[in-house]
Amino acid sequence: MAILHGSWISQSHASETAGHFWIWGETWRRIDPIEILAESSRAEFSRIVHPFAMAEEELRKLLRSLHDSHSLTWNVAEFPLQELGVAGQARTRKRQTTPTAAEASVCSVRWQAIGFSAPTQRFENGALPQHSAASEEGDFSLELLSWQVPGIRLTAIEALQFLQSLPLSSVLDDENSWLGDDLRFWSHIARWQLDLSARAKFYRF
């Protein structure tokens with residue numbers, strides 16, 4: 001099961017003048033708890049990659065599938081949905097086996113990893129983040145621990161265009177099971193903001 005997530009991230013460093021929107025994918029994998037040494041600090045733990053987070057090509061494939069089925073619209077030219085090195089295939093009639101330096105450098109700017117706190121189940125000698133689709137029932141306790149989550153960075157304008165293209169649904173159904181609760185929340189916020197702007201219900205600073 002693949003689930004698309006998104007969150008607004010405030011300024012992550014001093015050189016950033018504004019925040020950005022973060023998109024990442026989650027998929028189910030059968031994974032044993034990740035071994036963590038008892039004396040490991042939270043700082044060391046936060047460097048571990050979220051085991052359910054999608055890799056770059058996995059997320060690109062999911063977005064391409066959703067875009068082709070008209071479930072969403074993807075207009076981020078700096079993160080093309082086709083495989084790197086294949087964009088010019090129709091023009092050159094020759095498939096490139098490796099991405100060009102320009103393509104790789106652009107995509108590396110958009111594809112980054114951030115520290116992200118997620119509900120995590122602790123075991124005797126390990127830990128495992130809870131999958132967002134997992135049942136919360138059970139005889140276990142959860143704690144918030146930080147994981148490295150790779151994903152795609154969007155500007156505010158790109159995020160608004162993306163959020164407006166998402167299906168407007170307040171209930172979870174099989175057709176929209178790929179839409180995470182956090183992304184569903186932000187899609188409603190984006191539409192509410194547009195409604196307020198259209199009715200001039202905002203304050204000028």
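General observations
- Take the conditions (1) in contact with a Ser or Thr (Cβ under 9 Å, 6 or more places away or on another chain); (2) at pLDDT below 80; (3) surrounded by 15 or more Cβ atoms within 10 Å (Cβ to Cβ); (4) not charged (D, E, K, R); Ala104 misses just one of them, which is (3).
- Segment 41-55 - residue that is more than 20 Å from Ile152 (Cβ to Cβ) and not aromatic (Phe, Trp, Tyr) and, of those, modelled with the highest pLDDT: Ile48
- Matching residues, segment 115-153, being in a strand (DSSP E or B), touching a Leu at 6+ places or on another chain (Cβ under 9 Å) and either free of Cβ contacts under 8 Å to residues at least 12 places away in the same chain or not hydroxyl-bearing (Ser, Thr, Tyr) (or both): Ala118, Pro119, Gln121, Arg122, Ala127, Pro129, Pro150, Gly151, Ile152
- Residues located in segment 116-152, provided they are hydroxyl-bearing (Ser, Thr, Tyr) and modelled with pLDDT under 85: Ser135, Ser141
- Segment 163-179, subset at pLDDT 70 or above and assigned to a loop (DSSP other than H, G, I, E, B), residue nearest to the chain's Cα centre (by Cα): Trp178
Residue-wise test of (1) of a type in the set (S, T, N, Q); (2) within 25 Å of Pro119 (Cα to Cα); (3) in a helix (DSSP H, G or I); (4) modelled with pLDDT of 85 or more.
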| residue | (1), (2), (3), (4) |
| --- | --- |
| Leu4 | no, yes, no, yes |
| Ala18 | no, no, no, no |
| Glu39 | no, yes, no, no |
| Leu59 | no, yes, yes, yes |
| Leu63 | no, no, yes, yes |
| Val76 | no, no, no, yes |
| Phe79 | no, no, no, yes |
| Leu84 | no, no, no, no |
| Ala87 | no, no, no, no |
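The values are calculated or read from the model by the stated rules, or taken from the named source; none is laboratory data. These numbers were taken from a predicted model, which means no experiment stands behind them. Reconstructed Cβ throughout: ideal geometry from the backbone, glycine too, with neighbour counts over all protein chains shown.
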